[in-house]
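In what follows, a structure is listed as structure tokens, so that the remarks can point back to it.
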Amino acid sequence: MIWLWIAAALVSAALAVLIVHRAASAARSPLGANPALSVYRRQMAELDELAERGVLAEVERRSVRAETGRRLLAAADRSEAPLNRSRPAVILIAAAAAPLAAFAAYLVLGAPSYPDQPFKTRLAEWRAADPQTLAAPQMAAILRVIAAERPTDPEPLRQLAIAEFASREPTEAIQALHRAIALAPGRPDLWELLGQALVAEGGGDADADAQDAFRRLLAIDPGNANARYFLARARIAGGDVAGGLADWRALQTSLPPSDPRGAALARDITQVSNTGQLPAATRPDASVGQPQIQAMVDGLAARLQANPDDAAGWVRLVRAYAVLGEIDRRDAALADARRRYAAHPAILAQLNAALTIPPQPAPSSANAAMSPAPGSP
């Protein structure tokens, strides 16, 4: 800490010397030192010389000289008056008093007795704390370390992306998702989350990058509702209203009656059919907390009870329970999924991989499991 105070004192002294030097130089400078004045005087002399040589008519000489004289007087009025001899001393006192006043204010309002808080110490405290008490930037800091400790595991990167988005850092979230996809390009949940992050960064509409992410998602999971919704919306925005509505109606038909996304989709279809205009895009809310996360996971579980033929949904549910540390519910969901997909080795392999995910200190990671942005299916 002492070196900080020494550095601050040296900087303050250097600035004070610079200020006083400039003030003293200004005090010694005569009025005629204004460069604009010398320019105008030279112009007037040149006018007189041209007139004497007969190059410039007398009427023109008088007109131009009058204008130049007016500018000369205006420049002289703008010139600074000489500083008196006491001014540098006053400036020196002010320059010295400013850091002293700041130091006094810090002693009164600050906390000089507090010890230093190195980042490593704070990070260790955050990792030992209850995740529900951490803010999103703190969870993101923890997950960056975990991702570095497990460089071949895409799961911490997926959770880091969610924490970054909750911290209102969509660019960092997208970068984390690209790194995760490079490790596991066949995981549909990563492509889905990337598409949603790009939609969020674009204010609620799918730009070219988001559309590409959703198309890659459909290549892996052809029935994904989020991808189908946003690609159809982009199609309408691009001018193909009939084609986009046809895609939306096909999606509406494929959703089970109990799916809460059906009502929002029906409203969108009605509005576009009646007005030809898309509903206003809704940007996903980044302020996700533990109660909202738990509600989303419970909503996914309820949708799977109503529509159990969703293998990707079961994998996401098992993964979400594992991340939240809800071992009993994870095992129960895993048992149900294994009974349903006993004849599908590929799905069983994904379920087993989700089972191995350890609980993480970022509760918002469960958001990746599922759901569309608010206001979209």
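The values are calculated or read from the model by the stated rules, or taken from the named source; none is laboratory data. In this text, all values refer to a predicted model and were calculated from it rather than measured experimentally. Methodologically, a virtual Cβ is constructed for each residue, glycine included, from the backbone with ideal geometry; neighbour enumeration extends over all protein chains shown. Keep in mind that these areas ignore ligands, DNA and RNA; they rest on the heavy atoms of the full protein, side chains included. Shrake-Rupley method; radii C 1.70, N 1.55, O 1.52, S 1.80 Å.
Only residues that are farther than 23 Å from A128 by Cβ and crowded, with 19+ Cβ neighbours inside 10 Å were counted across the range 143-157, and they come to 1.
The listed residues are R216, R235, and the only one of them that is in contact (Cβ under 8 Å) with a residue 12 or more places away in the chain, in contact with a Phe, Trp or Tyr (Cβ under 6 Å, 6 or more places away or on another chain), surrounded by fewer than 21 Cβ atoms within 10 Å (Cβ to Cβ) and not aliphatic (A, V, I, L, M) turns out to be R216.
When P137 is tested against the conditions (1) open to solvent by 10 Å² or more (accessible area, probe 1.4 Å); (2) under 29 Å from I236 (Cα atoms); (3) without any contact (Cβ under 8 Å) to a residue 40 or more places away in the chain; (4) part of a helix (DSSP H, G or I), the lone failure is (2). For the range 115-124, indicate whether the set of residues that are assigned to a helix (DSSP H, G or I), basic (K, R) and out of contact with any strand residue (DSSP E or B) (no Cβ under 7 Å at 6 or more places or on another chain) is non-empty. Yes, there is a match, as at least one residue in the range 115-124 is assigned to a helix (DSSP H, G or I), basic (K, R) and out of contact with any strand residue (DSSP E or B) (no Cβ under 7 Å at 6 or more places or on another chain). Among the residues of the range 172-202, those that are open to solvent by 10 Å² or more (accessible area, probe 1.4 Å) and closer than 25 Å to K120 by Cα comprise E172, Q175, R179. In the range 240-259, which residue that is open to solvent by less than 60 Å² (accessible area, probe 1.4 Å) and among the small types (G, A, S) is nearest to A312 (Cα to Cα)? Applying the filter and picking the extreme gives A250. Somewhere in the range 176-188, is a residue touching a residue at least 40 places away in the same chain (Cβ under 8 Å) and not small (G, A, S)? Yes. Checked against the criteria, A295 counts as open to solvent by 30 Å² or more (accessible area, probe 1.4 Å), among the small types (G, A, S), modelled with pLDDT under 90 and in a helix (DSSP H, G or I).
Among the residues of the range 203-213, those identified as small (G, A, S) and either surrounded by fewer than 16 Cβ atoms within 10 Å (Cβ to Cβ) or on the phi < 0 side of the Ramachandran plot (or both) are G203, A206, A208, A210, A213.
When residues in the range 236-264 are screened for being more than 21 Å from D310 (Cα to Cα) and not in a helix (DSSP H, G or I), 3 of them pass. Applying the criterion of being assigned to a helix (DSSP H, G or I) and modelled with pLDDT under 70 to the residues of the range 41-89, the residue that is surrounded by the fewest Cβ atoms within 10 Å (Cβ to Cβ) is D77. Taken together, T171, T152 contain a single residue that is in contact with a helix residue (DSSP H, G or I) (Cβ under 8 Å, 6 or more places away or on another chain) and in a loop (DSSP other than H, G, I, E, B), which is T152.
On inspection, L31 passes the criterion of being at pLDDT below 65 and at negative phi.
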